[in-house]
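Here the structure is laid out as structure tokens; the discussion comes afterwards.
The values are calculated or read from the model by the stated rules, or taken from the named source; none is laboratory data. Everything numeric here is computed off the predicted structure, so don't read it as measured data. Heads up, the Cβs are rebuilt from the backbone with ideal geometry, glycines too, and the neighbour counts pull from every protein chain shown. SASA here: full protein model, heavy atoms, side chains in, ligands and nucleic acids out. Shrake-Rupley method; radii C 1.70, N 1.55, O 1.52, S 1.80 Å.
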Amino acid sequence: MTPLQRYIAEEIATDHADGLLSRREALRRLALLGVSATAATTLMAACAKNDGSPAAGSATTEPAATPPGMEHAVATTPVTWAGPAGELQGAWAAAADPRGGVLVIHENKGLGDWVRSVAGRLAGAGYSALAIDLLSEEGGTSTFTDPAQATAALGRTPPERFIADLRSGLDELARRVPGKKLAVIGFCFGGGLTWQLLAAGEPRIAVAVPFYGPAPDHPDFAGSAQAAVLGFYGELDQRVLATRPAAQMALQRAGMVHDLVTEPGADHAFFNDTGPRYNPAAAADAWHRLQDWFTAHLD
């Protein structure tokens, strides 16, 4: 498996360990990803044994009435542009007077309403945002009636295609906010791709913000040394938190401005207010830190 396939498989197994998926559903999703029944059983047992996190939802508090940034969010509109291997799809949120542009990379579920809301919140904060659909070549996320099929399709896609599509997304973003600095923000699977884009070398990125995304194996960020990186982790998300030291060392070797924040009491996907691991306090803190970081490095 590729590192991204392995990450998705481990996430499915961890969701089962946390009680978010039945054993039957976890086995089905792992099979869609190409994991054999024997390997799936072994993986699920390992995650159940090694995951020190409490059950999902046990560390969260009552959701805030309004998720951070939502009160100023703007509506998104569907857009398309010519990509490296065909038409790419996305959701565009235009700030009234943009201070910069942000490419938003979705979770392993594809481009859904929650990711669109993040783009709208960023635009409301003054940064025009383009949320890319990395399932564009399959017809777009909306063509999948089974979310597990969408996740499996992402897991089967060569990482090189994602990098090419993300570079095209930066091209389109630069066209829409000419003369402005560019940022990349990704969540979960998209957080991992944010790290991978940095490792691929992308001199146009002024700011990168990976949310609870795993760093690639043996990362080298020298080709993106100009980027100021703000990374977020959840204290209870031991699987992804274990990749933080490698990311930290690579950032230091590249001489990059960075801050890696571990939110206390938060689990994986703590920023997603539509999910069972949402943590309002951690999400609010991350949103404030994100805005301060953008003010310092993207404006």
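Results, tabulated for the structure shown:
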{"item": "The listed residue being touching a His at 6+ places or on another chain (Cβ under 6 Å) and either acidic (Asp, Glu) or more than 18 Å from Gly83 (Cβ to Cβ) (or both), out of Gly120, Gly124", "result": "Gly124"}
{"item": "Search result, residues across segment 19-49 that are in contact with a His (Cβ under 9 Å, 6 or more places away or on another chain) and either assigned to a loop (DSSP other than H, G, I, E, B) or more than 17 Å from Leu154 (Cα to Cα) (or both)", "result": "Ser22, Arg23, Glu25, Leu27, Met44, Cys47, Ala48"}
{"item": "Filtered residue count, segment 137-158, keeping only those that are open to solvent by less than 40 Å² (accessible area, probe 1.4 Å), assigned to a loop (DSSP other than H, G, I, E, B) and closer than 15 Å to Pro3 by Cα", "result": "1"}
{"item": "Residue selected from segment 1-18 under the condition in a loop (DSSP other than H, G, I, E, B) and over 17 Å from Gln238 (Cα atoms), by the criterion most open to solvent (accessible area, probe 1.4 Å)", "result": "Met1"}
{"item": "Qualifying residues in segment 259-299 (those that are small (Gly, Ala, Ser) and assigned to a loop (DSSP other than H, G, I, E, B)) - the one nearest to Gly112 (Cα to Cα)", "result": "Gly275"}
{"item": "Tabulated pairs, segment 187-202, first buried (at least 24 other Cβ atoms within 10 Å of the Cβ), second modelled with pLDDT under 95 and aromatic (Phe, Trp, Tyr), C-beta under 9 angstrom, 6+ apart or interchain", "result": "Cys188/Tyr7; Phe189/Tyr7; Gly192/Tyr7"}
{"item": "Test: residue in segment 212-232 that is at pLDDT 95 or above, hydroxyl-bearing (Ser, Thr, Tyr) and open to solvent by 10 Å² or more (accessible area, probe 1.4 Å)", "result": "no"}
{"item": "Flag if Ala95 is touching a Phe, Trp or Tyr at 6+ places or on another chain (Cβ under 9 Å), within 13 Å of Gly126 (Cα to Cα), touching a residue at least 12 places away in the same chain (Cβ under 8 Å) and surrounded by fewer than 21 Cβ atoms within 10 Å (Cβ to Cβ)", "result": "yes"}
